[in-house]
Amino acid sequence: MKENLYEIIIDFSREKGLDHEVVKKLVEQSLIQAAQRKLPYREIEGQIDEKTGKINLYHFKEVVDLVEDPNNEISVEDVFEIDPDAGIGDEVEYEISDREFQRIAHSTRPIIFGSLKEAERQMVVSTFTEKIGEVLTGTVLRVEPNGRVALSFQNKVEAYLFRREQIYGENFTFGDHVRVLLLDVNDNPHKDSQLTISRTHPGLLIKLFEMEVPEIYDGIVKIVSASREPGRRAKISVYSTDEEVDPVGSCVGMRGSRVQTIVNDLNGEKIDIVRWSEDIDVYTCNALAPAEIDSLEIDEDEKQIDVVVAQNQLSLAIGHKGQNVRLASKLIGYKINVVASEEEDLSIDEQLEK
């Protein structure tokens, strides 16, 4: 470690993109607090000399008639030799000697590094809090044995993408660029990762469409909701504020180019783009496509929809292991029960067992 404390602060600030004056003040405050815990003085001040790189500490004695605390008080008679103009109630400054400083010298290194870490933590909070809900692009630094992935973002800020937030089946290698959704910024210094990031959250799907589809970015096409089974399949519902603009076609893009870009980003996750309708009957039929619906009954109180389909449409409506109906239910916000017209008395669980 360098002996020149000011150079350490300059190098660290440059590497992390921090204001070196802010970091310097934070280190000074930490060293002053450490001195106050170890030395018998009521008031201590200090500053780092930018030329020498040393911390200069000072303590103060109050001028009094009768000295009761020699460490913090000085008599009128004694102060006259130091400062003839000082009177009762004034304070006289003393430099803390190198010998006294040795009492805290053993702890200065962890104090300094702790201060630098705190400066970085504050920077992360101030920089990233305003980006909650946005997509960040990180670079893979390493994949740890427990499966979590360390990513590096701007100013070399590191965050962990935990396994529960990773898309099913995806693998990472050093140097990969990964897009994630920033869910939260933790102000807890004891957390492994200050940034809570995800690749499984439905919000990531929404944000990727906003980034890839100009009509969404411009507000012509609106996203209503999204549901996902990450890495397998997803649904997103959209509508257009302009009758001449097809919301589904805008999201698909020429020859599927726009949606395919998002599919690739999400490790091959298949995406159904659903045309939203304020008519819940129509919306339900669109959400369960490609299955054709014979009839449906809506219970608004229970937020439940009973759907009847022909026998040959049942597997399409339910989907593989119930995937299609689950995603449609999450998309619409209603529980959907699908039955075949010939066997309406069978539950979905019973249908899945067939």
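The values are calculated or read from the model by the stated rules, or taken from the named source; none is laboratory data. Values in this document were obtained by computation on a predicted structure and should not be read as measured data. Note: ideal-geometry Cβ built from the backbone for every residue, glycine included; neighbour counts use all protein chains shown.
Across the stretch 221-234, not a single residue is classified as outside the structural domain of ILE271 (by TED's automatic domain parsing), aliphatic (A, V, I, L, M) and either out of contact with any Lys or Arg (no Cβ under 6 Å at 6 or more places or on another chain) or touching a residue at least 24 places away in the same chain (Cβ under 8 Å) (or both). When each of VAL263, VAL252, VAL245 is tested for being closer than 12 Å to ILE220 by Cα and among the aliphatic types (A, V, I, L, M), the lone residue that passes is VAL245. Checked against the criterion of being over 25 Å from ILE48 (Cα atoms), surrounded by 15 or more Cβ atoms within 10 Å (Cβ to Cβ) and more than 16 Å from the chain's Cα centre (by Cα), the stretch 142-163 contains one or more residues that satisfy it.
Whenever a residue of the stretch 158-173 is assigned to a strand (DSSP E or B), its partners that are charged (D, E, K, R), lying with C-beta atoms within less than 8 angstrom and at least six residues away or across chains, give the pairs TYR160/ARG148; TYR160/ASP192; LEU161/ARG148; LEU161/ARG199. Are any of the residues in the stretch 28-50 basic (Lys, Arg), touching a strand residue (DSSP E or B) at 6+ places or on another chain (Cβ under 6 Å) and not in a loop (DSSP other than H, G, I, E, B)? Among the residues of the stretch 28-50, not one is basic (Lys, Arg), touching a strand residue (DSSP E or B) at 6+ places or on another chain (Cβ under 6 Å) and not in a loop (DSSP other than H, G, I, E, B), which makes the answer no. Got at least one residue in the stretch 107-123 being within 15 Å of the chain's Cα centre (by Cα) and not charged (D, E, K, R)? Checked the stretch 107-123: at least one residue is within 15 Å of the chain's Cα centre (by Cα) and not charged (D, E, K, R). What single numbered condition from (1) acidic (Asp, Glu); (2) under 20 Å from the mean Cα position of the chain (by Cα); (3) within 18 Å of VAL135 (Cα to Cα) fails to hold for ASP187? That leaves (3) as the condition not met.
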